[in-house]
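Read the structure below first, then the notes.
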Amino acid sequence: MERRLTAVLVADMAAYSRLMELDEDGVIARQKEYRREVIDPAIAIRNGRIVKTTGDGMLAEFQSAQDAVQAAVDIQETMSRREAESIPDKRITYRVGINLGDVVHDEDDIFGDGVNVAARLQTIAEPGGICVSDLVHQTVNERIGAPFRDMGRQRVKNISRPIRVWQWTPKAKSEMIEPVEEALQQRVHYTTSEDGTHIAWAGVGQGLPVLKAPNWLNHLEYEWKSPCWAPMLAECARRFQLVRFDQRGNGLSDWDPDIISADAMQQDMNAVADAAGLGRFALLGISQGGAFSIRYAVENPERVKCLIILGGYVRGRLRRPDPEQKKLFDMLTNTITQGWGSPNPVFRHFFTSSFIPDASSGIADSFDELQRIATNPDAALRLWRMNAEIDVSDLATKVQVPTL
């Protein structure tokens, strides 16, 4: 066995199982055609080597990160053109992840952390896009002319440390908004909740401490790049000491905790308040964060100075008397189950529209992407079901602190 620094490329066909179910013979034939005419030549011309293939993807290695990225861009741009006329639900697209790392060469195969990270980057790439590690981006930045967008640090399966990720897509989007000074001041910390779950939190700004309760899918770093969240976060940070955290199951916190429940959320809020050294503080609850905040204010009156609820509710969809709410819950549950990882964004767009129906296309797209990168389908479903069962209507009458 031999160790050496290698640029690793992992590619995988998005929604492969669904495509095969729709047209097995056609997908196999098109896959062979693309391998022969697009993928293999692009890798070979950049001095790459295909290590092994699977039914829907491959592992390749390159001597340089620049060659790996350029080969991936060439493949994705060509695939985008050739599949442009296909029906979106039948379109063949690939996700690509690239990492630069020390790998173990054993005969004709390669192993190691460098390969594992590339494989995980592939899973969070947008269909038709490329995700690269920060080291790859530093190596190739400004050398190949392909614009990559900073996705912040991401939690990926079976990798203990968060990985900073950069993404390229055929219709490369520039940064949604200019980075603000407050975002640059933020430092992410970790604390351990009562059951051992690791919770990521961050504080920025000075003044009256404000703790923001968790709401539907958070990401401490990516939210600063979102036109949906960044302006509000920046304004709060200029006026107050703003403390936020990624709820268990999403963002930079543990994605696969043993427990996701309303009780656990209360424990997480306590753990973050303690880790941040907060005495008495204002509590901000947005959407279902309003219900979490109401309960916290009743159970911890000595810590909550005042309560602010924005777009909140006291009962989740399954606790409301309107039968239409149950139908909507079932519909959106099926959307998560069937379409969260789909290359067709219409599934997540439908979910987004239930939260912000009047949003502009730019804000809706940002919210859609935040959902995609903040968690996986399994965790999203667990969080969705937890929120649907919330009921703090009795506790709401017991709130004693000033409330807006």
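The values are calculated or read from the model by the stated rules, or taken from the named source; none is laboratory data. Owing to the predicted nature of the structure, the values given are computational and were not obtained by experimental measurement. All Cβ positions, glycine included, derive from the backbone under ideal geometry; neighbour counts span all protein chains shown.
Test of understanding: among 302, 324, which residue is closer than 19 Å to residue 211 by Cβ and free of Cβ contacts under 8 Å to residues at least 40 places away in the same chain?
Working: 324 fails: closer than 19 Å to residue 211 by Cβ.
Exactly one residue qualifies, and that residue is 302.
Which one is farthest from residue 68 (Cα to Cα) among residues in the stretch 6-55 that are polar (S, T, N, Q) and crowded, with 17+ Cβ neighbours inside 10 Å? First the steps, then the outcome.
Here is the first cut: in the stretch 6-55, the residues polar (S, T, N, Q) are 6, 17, 31, 47, 53-54.
In the following step, the residues that additionally are crowded, with 17+ Cβ neighbours inside 10 Å were identified as 6, 31.
Values: 6: 10, 31: 21 Å.
Result: 31.
A quick yes/no check of all residues on (1) in contact (Cβ under 8 Å) with a residue 12 or more places away in the chain; (2) outside any strand (DSSP E or B):
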residue	(1), (2)
71	yes, yes
99	yes, no
105	yes, no
110	yes, no
115	yes, yes
118	yes, yes
146	yes, yes
151	yes, no
161	no, yes
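With the condition kept exactly as written, say whether any residue in the stretch 18-28 is in contact with a helix residue (DSSP H, G or I) (Cβ under 9 Å, 6 or more places away or on another chain), in contact (Cβ under 8 Å) with a residue 12 or more places away in the chain, within 24 Å of residue 147 (Cα to Cα) and not β-branched (Val, Ile, Thr). Give the derivation first.
Let us first name the residues in the stretch 18-28 that are in contact with a helix residue (DSSP H, G or I) (Cβ under 9 Å, 6 or more places away or on another chain), namely 18-20, 22-23, 26-28.
Remaining after also requiring in contact (Cβ under 8 Å) with a residue 12 or more places away in the chain: 18-19, 22-23, 27.
Checking which are within 24 Å of residue 147 (Cα to Cα) leaves us with none.
No, the stretch 18-28 contains no residue that is in contact with a helix residue (DSSP H, G or I) (Cβ under 9 Å, 6 or more places away or on another chain), in contact (Cβ under 8 Å) with a residue 12 or more places away in the chain, within 24 Å of residue 147 (Cα to Cα) and not β-branched (Val, Ile, Thr).
Every residue, every condition in (1) in contact with a strand residue (DSSP E or B) (Cβ under 9 Å, 6 or more places away or on another chain); (2) within 30 Å of residue 130 (Cβ to Cβ); (3) surrounded by 14 or more Cβ atoms within 10 Å (Cβ to Cβ), yes or no:
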site: 323; (1), (2), (3): no, no, no
site: 329; (1), (2), (3): no, no, yes
site: 338; (1), (2), (3): no, yes, no
site: 358; (1), (2), (3): no, no, no
site: 370; (1), (2), (3): no, yes, yes
site: 381; (1), (2), (3): no, yes, yes
site: 395; (1), (2), (3): no, no, yes
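Would you check if residue 69 is of a type in the set (A, V, I, L, M, F, W, C), out of contact with any helix residue (DSSP H, G or I) (no Cβ under 6 Å at 6 or more places or on another chain) and assigned by TED's automatic domain parsing to the domain that holds residue 147? I'd like the intermediate steps shown before the answer.
On the way: of a type in the set (A, V, I, L, M, F, W, C): yes; out of contact with any helix residue (DSSP H, G or I) (no Cβ under 6 Å at 6 or more places or on another chain): no; assigned by TED's automatic domain parsing to the domain that holds residue 147: yes.
No, not satisfied.
Quick test for you: out of 46, 81, 143, pick the one residue that is touching a Phe, Trp or Tyr at 6+ places or on another chain (Cβ under 7 Å) and farther than 30 Å from residue 375 by Cβ. Working first, answer last.
Details: 81 fails: touching a Phe, Trp or Tyr at 6+ places or on another chain (Cβ under 7 Å); 143 fails: touching a Phe, Trp or Tyr at 6+ places or on another chain (Cβ under 7 Å).
The unique qualifying residue is 46.
Check residue 81 against each of (1) modelled with pLDDT under 95; (2) crowded, with 17+ Cβ neighbours inside 10 Å and name the one condition it does not meet.
Unmet condition: (2).
One residue is enough: does the stretch 250-261 have a residue meeting the conditions more than 18 Å from the chain's Cα centre (by Cα) and either in a helix (DSSP H, G or I) or not hydrophobic (A, V, I, L, M, F, W, C) (or both)?
yes
State all residues of the stretch 76-97 that are under 17 Å from residue 20 (Cβ atoms) and without any contact (Cβ under 8 Å) to a residue 24 or more places away in the chain; if no residue qualifies, say none.
Listed by number, the residues that qualify are 83, 86, 87.
Test of understanding: among 240, 245, which residue is aromatic (Phe, Trp, Tyr), under 22 Å from the mean Cα position of the chain (by Cα) and outside the structural domain of residue 157 (by TED's automatic domain parsing)? Write out each step before concluding.
Details: 240 fails: under 22 Å from the mean Cα position of the chain (by Cα).
Exactly one of 240, 245 is aromatic (Phe, Trp, Tyr), under 22 Å from the mean Cα position of the chain (by Cα) and outside the structural domain of residue 157 (by TED's automatic domain parsing), namely 245.
Go through the residues of the stretch 128-140 one by one and say whether even a single one is in a loop (DSSP other than H, G, I, E, B) and either closer than 22 Å to residue 52 by Cβ or polar (S, T, N, Q) (or both). Show your work before the answer.
First pass over the stretch 128-140, keeping only residues in a loop (DSSP other than H, G, I, E, B): 128-129.
Within this subset, residues satisfying the condition of being either closer than 22 Å to residue 52 by Cβ or polar (S, T, N, Q) (or both) are none.
Within the stretch 128-140 (the criterion being in a loop (DSSP other than H, G, I, E, B) and either closer than 22 Å to residue 52 by Cβ or polar (S, T, N, Q) (or both)), the answer is no, since none of the residues qualifies.
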